[in-house]
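Structure first, then comments.
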Amino acid sequence: MDKDAASARISRYESEGMSISLEALFELAQALEVPPAYLLATSPAMADAILALGEQSAAQQEHFAELLGVLGELPAKKRNALIEQVLSPTKD
């Protein structure tokens, strides 16, 4: 497919004038070298998380998924404190 045709097709997908098939979604993800879930993310933060997770080994992905589940179950105040602790620069 030439560049103009591809651009027009992507524009129709973006404007919801055309639906993408699952097969085409996987082909697009492969061409862009991103996980297919990245293209389905509903926010920039989710897309960033998907890319970061996709760079990890399968074992690490399992650990991160478990960690996210545990964090999600914590009370908001405790969860936010832990996140702040992890994201803040180390104070020596």
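The values are calculated or read from the model by the stated rules, or taken from the named source; none is laboratory data. The shown structure was predicted, so the numbers you read here are calculated from the model rather than taken from an experiment. Note that each Cβ is placed from the backbone with ideal geometry, even for glycine, and that neighbours are counted across all protein chains shown. The protein model used for the area step is the full one, side chains on, heavy atoms only, and it has no ligands, DNA or RNA in it. Shrake-Rupley method; radii C 1.70, N 1.55, O 1.52, S 1.80 Å.
List of remarks:
- Total residues in region 51-74 satisfying the condition of being open to solvent by 100 Å² or more (accessible area, probe 1.4 Å) and in a helix (DSSP H, G or I): the figure is 5.
- Checked against (1) open to solvent by 80 Å² or more (accessible area, probe 1.4 Å); (2) in a helix (DSSP H, G or I); (3) modelled with pLDDT under 95, K77 passes all but condition (3).
- Top-ranked residue of region 39-92 - restricted to ones that are among the acidic types (D, E) and over 17 Å from the mean Cα position of the chain (by Cα), ranked as nearest to S19 (Cα to Cα): E73
- Cross-chain or 6+ apart pairs with Cβ under 6 Å, region 22-50 first and closer than 22 Å to E62 by Cα, then of a type in the set (F, W, Y): P36/F26; A47/Y38; I50/Y38
- Of residues in region 14-39 being assigned to a helix (DSSP H, G or I) and small (G, A, S), the one surrounded by the fewest Cβ atoms within 10 Å (Cβ to Cβ): A31
- Filter pass, S11 being open to solvent by 70 Å² or more (accessible area, probe 1.4 Å), modelled with pLDDT under 85, among the small types (G, A, S) and more than 21 Å from V86 (Cα to Cα): no
- For P89: the one exception among (1) open to solvent by 60 Å² or more (accessible area, probe 1.4 Å); (2) part of a helix (DSSP H, G or I); (3) over 25 Å from A6 (Cα atoms): (2)
- Evaluation of T42 against the conditions (1) open to solvent by less than 70 Å² (accessible area, probe 1.4 Å); (2) out of contact with any Leu (no Cβ under 9 Å at 6 or more places or on another chain); (3) assigned to a loop (DSSP other than H, G, I, E, B); (4) at pLDDT 90 or above shows that the sole unmet condition is (1).
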